[in-house]
Amino acid sequence: MIIVESIKQLSHNPFKSPFALIPTMGNLHSGHINLLNLASNKNYNPVVSIFVNPLQFGPSEDLETYPRSLEQDLEILKEHNCHGVFVPKQEEILKNIENLIAPMSNKLCSKSRPGHFDGVITIVNRLFEVTKPEACVFGMKDFQQQLIIKHLIRQKKYEIEFLSAPTERDKNGLALSSRNNYLQESEKIEASIIFKSLSDMGSELKLLSQNNKKNFLTELESIQKKYTKKIEEQGFEIDYLELSDPETLEKFEFNSNRILIAIAVFFKKVRLIDNLVIDLASS
């Protein structure tokens, strides 16, 4: 496994082409390994970057306490036949960086985390510039992030194939996240109501669209309110629970057969996100 610790080392093209970049902030779990496996299955050499991005954290967020486990991460990547790892220094990445503004700034996570995605695409763009990958891999758990990175690739005219990996979940359905480490095992079981609620909501929406298309949009709001109340009664503080067009994140208006159910909650002071895309036309 090739480990690169500086941008200067990249000038020697240490990673064998074609390779797929998998940007991470470390503290790796099986969801990250799925990204690596997807790259391999698509015939790309997987290259993982590990960089805790200070630009995507708000003033009161957990930058200082964000879980870091570099030695363990490197062992995991070596064990899973990762081709290469890029572990840059913060000062080198941030030097003379081009600060970008993300689209969709009034949607979903952007509403409660202003500037978050500006920080994300600023660093991802920097990683693209210095590593020059042929592909990149991102997980569907961060659905809004996927749309924004795709926009970045189009805007910058990068010849980078975008690979999307399904959300990895634990045995109870909770979407895997490095921030899950803040939760006790019993709390993770409690948090499984998030995905169960999304699934139940999806089934209800699909049934409604097939049996009562005329009143579908009218009923959406009442279903949204019902599940908001249900989740809040279990001790969760809802940041948002939105029904959106999965291409634009605009409010769903039935001009598509696909609907995105996206949620962010606070539970035991931990912010958890999840989503589900429902095909209303499928049986």
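Just a few scattered comments:
- Test: residue in segment 202-217 that is in contact with a strand residue (DSSP E or B) (Cβ under 9 Å, 6 or more places away or on another chain), hydroxyl-bearing (Ser, Thr, Tyr) and under 15 Å from Gln144 (Cα atoms): no
- So Lys230, is it at pLDDT below 95, among the basic types (Lys, Arg) and over 16 Å from the mean Cα position of the chain (by Cα): no
- Looking across segment 30-68, just one residue is in contact with a Leu (Cβ under 8 Å, 6 or more places away or on another chain) and among the basic types (Lys, Arg), and that is Lys42.
- Selection status of Leu63, surrounded by 20 or more Cβ atoms within 10 Å (Cβ to Cβ) and either within 27 Å of Ala175 (Cβ to Cβ) or more than 20 Å from the chain's Cα centre (by Cα) (or both): no
Residues are listed down the side, and each one gets a yes or a no for (1) modelled with pLDDT of 95 or more; (2) within 27 Å of Gln155 (Cβ to Cβ); (3) not assigned by TED's automatic domain parsing to the domain that holds Phe252:
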{"site": "Ile50", "(1), (2), (3)": "yes, yes, yes"}
{"site": "Glu61", "(1), (2), (3)": "no, yes, yes"}
{"site": "Glu64", "(1), (2), (3)": "no, no, yes"}
{"site": "Leu70", "(1), (2), (3)": "yes, no, yes"}
{"site": "Leu74", "(1), (2), (3)": "yes, no, yes"}
{"site": "Leu77", "(1), (2), (3)": "yes, no, yes"}
{"site": "Lys95", "(1), (2), (3)": "yes, yes, yes"}
{"site": "Cys109", "(1), (2), (3)": "yes, yes, yes"}
{"site": "Phe117", "(1), (2), (3)": "yes, yes, yes"}
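- Residue check, Lys225 over 24 Å from the mean Cα position of the chain (by Cα), in the same structural domain as Phe266 (by TED's automatic domain parsing), charged (D, E, K, R) and within 16 Å of Ile263 (Cα to Cα): yes
- Ile101 being closer than 20 Å to Pro54 by Cα, surrounded by fewer than 19 Cβ atoms within 10 Å (Cβ to Cβ) and either among the β-branched types (Val, Ile, Thr) or not assigned by TED's automatic domain parsing to the domain that holds His12 (or both): yes
- Unique match (being farther than 26 Å from Ser30 by Cβ and surrounded by 15 or more Cβ atoms within 10 Å (Cβ to Cβ)) among Lys206, Lys225: Lys206
- Single match in Tyr182, Tyr240 (criterion: among the aromatic types (Phe, Trp, Tyr), under 29 Å from Ile22 (Cβ atoms) and surrounded by fewer than 17 Cβ atoms within 10 Å (Cβ to Cβ)): Tyr240
- Subset of segment 145-167 (residues that are touching a strand residue (DSSP E or B) at 6+ places or on another chain (Cβ under 7 Å) and either charged (D, E, K, R) or within 18 Å of Tyr44 (Cβ to Cβ) (or both)): Gln146, Ile149, Lys150, Ile153, Ile160, Glu161, Phe162, Leu163, Ser164, Ala165
- Qualifying residue in segment 107-116 (condition: farther than 17 Å from Ile2 by Cα, surrounded by fewer than 14 Cβ atoms within 10 Å (Cβ to Cβ) and out of contact with any Phe, Trp or Tyr (no Cβ under 8 Å at 6 or more places or on another chain)): yes
- Evaluation of Cys136 against (1) surrounded by fewer than 20 Cβ atoms within 10 Å (Cβ to Cβ); (2) at pLDDT 95 or above (one fails), failing number: (1)
- In segment 146-155, the condition of being β-branched (Val, Ile, Thr), touching a residue at least 12 places away in the same chain (Cβ under 8 Å) and in a strand (DSSP E or B) is met by no residue.
- Qualifying residue in segment 48-60 (condition: under 19 Å from Ile160 (Cα atoms) and either among the hydroxyl-bearing types (Ser, Thr, Tyr) or over 15 Å from the mean Cα position of the chain (by Cα) (or both)): yes
- Among (1) surrounded by fewer than 16 Cβ atoms within 10 Å (Cβ to Cβ); (2) within 14 Å of Lys132 (Cβ to Cβ); (3) within 21 Å of the chain's Cα centre (by Cα) - the single one Lys16 does not satisfy: (3)
The values are calculated or read from the model by the stated rules, or taken from the named source; none is laboratory data. Note that the structure is a prediction, hence the values are computed from the model and not measured. Ideal geometry is used to build each Cβ from the backbone, glycine not excepted, and the neighbour counts take in all protein chains shown.
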